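A quick write-up on the structure given underneath.
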Amino acid sequence: MGRDVLFETTIEALRAVPAFGHRIAGDDRPFLLLDRTATRLLHASPAAAPLRETLADAGGQIDPSLGLPAQLRGSLSLLVGTAQPRLERLRLAGRLAPPLLCACLPAALPDGAPGLAVAILDP
């Protein structure tokens, strides 16, 4: 089963959240699904594919030098079922790259574990 099919239910549930769904509607919207520790990239939308290679290795392990768990500390503390996304400025491509405005929302992953959806709002 492909990664896209595996996370299809999670993505559809996120699209149904009124304050978040429009941010990930369509293949042209970049978004990521992370595990609850923000150390593993589980899924990247087609528009976020170039970012996938910057963030993580082929197995999905996020580059620890990015410090993503620390950057996402506030969003990672939110509970699944939270209705309003938290806005974060994230450095997803290293210290020299400008931070990107992102909307972050906890999500229930297919196995029932909590995860985090990150919609990139900056162009």
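The values are calculated or read from the model by the stated rules, or taken from the named source; none is laboratory data. Because the structure is predicted, anything quoted here is derived from the model rather than measured. Cβ: placed from backbone, ideal geometry, glycine included. Neighbour counts: every protein chain shown. Ligands, DNA and RNA are excluded from the accessible area calculation, which covers all protein heavy atoms including side chains. Shrake-Rupley method; radii C 1.70, N 1.55, O 1.52, S 1.80 Å.
Coupling constants for region 84-98 follow from the phi torsions by the Karplus curve (6.51 cos²θ - 1.76 cosθ + 1.60, θ = phi - 60°), and in residue order they are 10, x, 9, 7, 9, 9, 10, 8, 9, 10, x, 5, 7, 7, x Hz; glycine and proline get x. Under 5 Å from the amide H of residue 56 lie the amide H atoms of 63, each residue being 5 or more positions distant or on a separate chain, with H modelled from the backbone and absent for Pro and chain starts. Computing semi-axes √(5λ) of the Cα gyration tensor in Å for the structure here picks out one of (1) 19, 16, 15; (2) 31, 14, 11; (3) 53, 22, 11, namely (1).
Roughly to the nearest percent, how much of the accessible area of the chain is carbon and sulfur, given a 1.4 Å probe? Please report the intermediate quantities before stating the final value.
Working: 3740 of 6450 Å².
The computed percentage sits at 58.
Residue-wise HN-Hα couplings along region 25-39, as the Karplus relation 6.51 cos²θ - 1.76 cosθ + 1.60 with θ = phi - 60° gives them from phi, are 6, x, 5, 8, 9, x, 8, 10, 10, 10, 6, 5, 9, 6, 10 Hz; Gly and Pro carry x. Summarising the label geometry, the points placed 7 Å from Cα in the beta-carbon direction at residue 28 and residue 40 lie 3.4 nm from one another.
Database remark: amide H of residue 43 closer than 5 angstrom to the amide H of 33 (H placed geometrically; neighbours at sequence offset of 5 or more, or on other chains; Pro and chain starts carry no H). Scalar couplings 3J(HN,Hα) for region 5-13, obtained by applying the Karplus form with A = 6.51, B = -1.76, C = 1.60 to θ = phi - 60°, are 5, 4, 9, 4, 5, 4, 5, 5, 5 Hz; x denotes Gly and Pro. Per residue, the solvent-accessible area of region 45-123 (1.4 Å probe, heavy atoms of protein chains only, all protein chains present) comes to 53 Å². Between the residues 78, 46, 115, the greatest Cα displacement towards the positive end of the dipole of the chain, with unit charges on the Cβ of Lys, Arg, Asp and Glu, is found for 78. Taken about its Cα centre, the chain carries a charge dipole of about 420 debye when Lys and Arg each add +1 at the Cβ and Asp and Glu each add -1 at the Cβ. Per-residue extension of 0.36 nm, minus the Cα-Cα distance of residue 95 and residue 16, leaves a gain of 25.0 nm for this segment.
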